[in-house]
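Only one structure is covered here, and it is reproduced in the block below.
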Amino acid sequence: MSNSAKMSARQRIEALVDANSFVEIGGLVTKRNTDFNMQEKSVPADGVITGYGVIDSDLVYVYSQDVSAMNGSIGEMHAKKIARLYEMAVKAGAPVIGLIDCAGVRIQEAVDALAGFGEIYISKVRASGVIPQINAILGSCGGGVAISSLLSDFTFMDSQNGKLFVNSPNAIEGNSVEKCDTAEAAFQAEAGNVDFVCDGEAEVLAQIRSLIQILPANFDDFAGKDTEDDMNRVIPGFEGMVSDPAAALTQIADGNVFMETKKEYAKEMVTGFMTLNGGTVGAVANAGDGVLTTAGCKKAEKFVYFCDAFGIPVVTLTNAKSYASSMEEEKTIGQAVADLTCAFASADVPKVNVITGEAFGSAYVAMNSKHIGADLVLALEGAKVGVMDAKVAAQIMYEDEVSKEKDTSAALEQKAKEFDEMQCNVNIAAKRGYVDNVIEGAQIRKQLIYAMQMFGMR
């Protein structure tokens, strides 16, 4: 099967769950509406197959929309089947996976179909923070269906056949699909609406299986899987990797497997999952030049709230020294940082911060610092912690003094050096209890696992 080939609704379920494990629920349900001669139309299972199965022996509930039955459109009974599935999943404490291929609302059923949308929406809202919700966009997902999908915790999308949109590309004033296909995976991933973009349906389903294996089944469940990786494994040259946090986290993770979420959105902030000695951990890390942006803060905020809801410890790699500066950012950055601060400060899960580079000002404070509740703060040798960059501080504090010197550049450099040694050296922060330990980069995996064990993770 080629990457672009489409499976049937039932084939998708069979490819997703363990062999012969799927049990269908409501297979005989069909449409109730008779308007517009609907009684003459056959709509098997009302366009959606619902039921439960197992992934790697873990219980999951699944619905798969059938595009061969009225284009998978959502009508009254279609929606009731999904809402009922959610009710059962919450009671059983197991994730829900939606395989989306849908033409949208079933127009023939009018307000009954709209009521169905509401039933799905409220089911998803009630399940939020109770069980993980995963959607896979394998065909069309537009209008109200897009809203439903984005109420899930994680969204996967087939880059070949998936289409995600509230308004179709041709319905946007001044645009056409030839100019910009706003429904395609690349556009939606960059916008932050898609967590994982995959090349074909088979890859989507395989990646969902991988995510399910490391997520908890519900808010009260253990998250993780067995590993044979050595907990004492060293990572030579780790300090040189921190400029690429995704690569650094991959080196830290069991089996070098790091599942990055929203990879194409707000690349200055990295989020994702890994296991450490078998236990699942959520990771948040600054990338690039250590500048906090509105989009990056929103990305991290949502991720931290998910981890907190499901009891997943959070590890941060902090290299934060300033805020994005522009007219547009100035409208939003303050609130975004405040919201991120609230997410870290209110989270009750174990929180470990590793300062990998420069940690300056209130940007550093907001990134899971000891000051807002981090349980343990580690720092790499050579890291900097202070109120601001030493050179900037010297320019402010010693402007008059420096201006009197013949060689102002040399004088400024000397003052910056003095300030750096006095105020920015990581050992100064450690002496005040703001950093618990300064470590060699090669030992970071072992140190993080020790921390997780201290907090009760296996």
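The values are calculated or read from the model by the stated rules, or taken from the named source; none is laboratory data. For clarity, every value in this text was computed on a predicted model and none was experimentally measured. In this analysis, Cβ positions are derived from the backbone assuming ideal geometry, glycine residues included, and neighbour counts consider all displayed protein chains.
Within the set GLY139, GLY162, the sole residue that is small (Gly, Ala, Ser), within 25 Å of TYR265 (Cβ to Cβ) and free of Cβ contacts under 8 Å to residues at least 40 places away in the same chain turns out to be GLY162. For ALA393, the requirement of being surrounded by 15 or more Cβ atoms within 10 Å (Cβ to Cβ), modelled with pLDDT of 95 or more and farther than 23 Å from ASP308 by Cα is not met.
Being among the small types (Gly, Ala, Ser) and part of a helix (DSSP H, G or I) is the filter; apply it to segment 344-382 and report the residue that is surrounded by the fewest Cβ atoms within 10 Å (Cβ to Cβ). Reasoning before the result, please.
Of the residues in segment 344-382, the ones among the small types (Gly, Ala, Ser) are 345-347, 357, 359, 361-363, 366, 369, 373-374, 379, 382.
Okay, now just the ones that are also part of a helix (DSSP H, G or I), so 345-346, 361-363, 366.
On the way: ALA345: 15, SER346: 12, GLY361: 17, SER362: 16, ALA363: 23, ALA366: 26.
Selected residue: SER346.
Which of the residues that make up segment 426-449 are at pLDDT 95 or above, in contact with a strand residue (DSSP E or B) (Cβ under 9 Å, 6 or more places away or on another chain) and among the aliphatic types (A, V, I, L, M)? Answer for segment 426-449, where residues must be at pLDDT 95 or above, in contact with a strand residue (DSSP E or B) (Cβ under 9 Å, 6 or more places away or on another chain) and among the aliphatic types (A, V, I, L, M): VAL435, VAL438, ILE439, ILE444, LEU448, ILE449. Taking the options VAL204, VAL197, name whichever one is in a strand (DSSP E or B) and assigned by TED's automatic domain parsing to the domain that holds ALA15. Of VAL204, VAL197, the one residue that is in a strand (DSSP E or B) and assigned by TED's automatic domain parsing to the domain that holds ALA15 is VAL197. For segment 121-143, the set of residues classified as under 16 Å from VAL48 (Cα atoms) and surrounded by 24 or more Cβ atoms within 10 Å (Cβ to Cβ) consists of ASN135, ALA136, ILE137, LEU138, SER140, CYS141, listed by residue number.
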